[in-house]
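Since the structure comes first, as structure tokens, the remarks are kept for the end.
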């Protein structure tokens, strides 16, 4: 359908044009889904047609304009009523962020017949907030005196822990903490008529705890609840929770996905058609899109187009990086495990890790090794404690000369931190005890350096 630039085109004409545009995107998704993981990461939905519409640029452009020009009042009305694909205003959407969202949705459903949509945000915590807050609406039919609750693994990122505590202290929402996420029966026992969702982080930061996603999904779905999984550490290159039964996946894109460290961002990716006890039909049919078009629009945690472009650039090499860096991480974990100054190493790739069997089952490198053989990779994050406790941890930490001392992770440069005095400091002693974070735990994120240099730096620090 051809629509010219003259004013006065009808709303119906623009709605029809929007249907054609939506079908074109659906066709592009269908083509992309037939490709391999690396190809999807490189191209997403940006094809020859999209390039031709952008002056022939073969790389996705950064659309920096804050607002979209509309041909006439008909297009304006259709766009703002969400009756046709549009972006309107960068607080709602933007072409650059759309390319990132579409690519993430394709990668999280890779190798399945599932359909998903995605929302990107200005930070990982914004993604956690939007995904969880959307499920905590007040239910007028709820019995008086019975608070809304959700069930969450206490072994999670400090920011998530503090947000959930804020829900409790400021809104009276009960957080039912599970101290051992491998205890699936504990999740089941914690569910009642006022529970809204189950939440786990796999693997967790900084404890590297695992959870049985398929088992938890069965428990959640039997109760009519969604399972939310923060998969920041693993990334879709190693773990795709939607394929294991989860309903919503959350990422801090600032970590392993955005390894260059040039952007702070988050993402919510949800499969179509999820169980939700309270809320609009839109949350059930298309959770991420509903959150994008309504709560996110109103709260305003938009991602910068510049950041979206930086993340798209990083995303293109995700599988290759996670493969190589995970192999380095396993070598480093084995070195630490054998060092006399180290009392304990938590890394899913070590056989003695309590979740090793689950990790070996679920953590599968997309498309396998170079010969296409299925292979497990266990991510780039680990934690270790020293026999001398906090004093020894500080001494070793301060002697690092190659590995950076910072609160970051998933970076191309290896980074270490002592969570109890930094990322999880504000949880307080009781909160850290609930999350089982040892005072002298050192969290180590492996980057792209050669393993020999990393091991040499750690040896120098530990030998003190």
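Coordinate-derived values only; no laboratory data. Source: prediction; values computed, not measured. Backbone-built Cβ (ideal geometry, glycine too); neighbour counts: all protein chains shown.
Points worth noting:
- Spherically averaged projected area of the convex hull of Cα atoms, region 32-126: 7.5 nm².
- Residues residue 453 and residue 49, FRET efficiency given R0 of 60 Å [Cβ-Cβ distance, rounded to 0.05]: 0.85
- Of the beta bridges in region 91-315, as assigned by DSSP with both residues counted there, near 40 percent are antiparallel.
- Once divided by 2.2 N^0.38 Å, the Cα radius of gyration of region 318-462 becomes 1.05.
- Degrees between helix 389-398 axis and first principal axis of the chain (Cα, 0 to 90, nearest 10): 70 degrees
- Kirkwood Rh, angstrom, region 308-347 [1 / mean 1/r, Cα pairs]: 12.0 Å
- Degrees separating the helix 158-171 axis from the principal Cα axis of the chain, which is the longest one: 70 degrees
- Sequence-distant contacts, meaning Cα pairs under 8 Å at least 6 residues apart, place the relative contact order of region 91-315 at 29 percent.
- Put in line by how crowded their Cβ is, counting other Cβ atoms within 10 Å and starting with the fewest, 72, 371 read 371, 72.
- Calculated FRET efficiency for the pair residue 174/residue 373, C-beta based, R₀ 60 Å, to 0.05: 0.80
- Packing, taken as the mean count of other beta carbons within 10 Å per residue, orders the peptides 187-196, 244-253, 413-422, 329-338 from highest to lowest as 244-253, 413-422, 329-338, 187-196.
- Fewest neighbouring Cβ atoms within 10 Å first, the residues 320, 380 line up as 320, 380.
- Between residue 113 and residue 402, the simple spin-label model (points 7 angstrom out along Cα→Cβ) gives 4.9 nm.
- Relative counts (whole %) of C-alpha pair distances in region 106-195, using bins that are 5 Å wide: 3, 11, 19, 19, 19, 17, 9, 3, 1, 0
- Taking every alpha-carbon pair in the chain and binning the separations at 20 Å intervals from zero gives 25, 55, 19, 2 percent.
- Highest-first arrangement of 18-25, 212-219, where packing means the average Cβ count within 10 Å: 212-219, 18-25
- Relative contact order (%) - criterion: Cα under 8 Å, at least six apart; region: region 176-291: 19 percent
- Degrees, to the nearest 10: 11-33 long Cα axis against longest axis of the chain: 40 degrees
- The chain - percent relative contact order, Cα under 8 Å, separation 6 or more: 15 percent
- Viscosity 0.890 mPa s, 25 °C: Kirkwood-radius Stokes-Einstein D of region 91-315 over Cα pairs, µm²/s: 142 µm²/s
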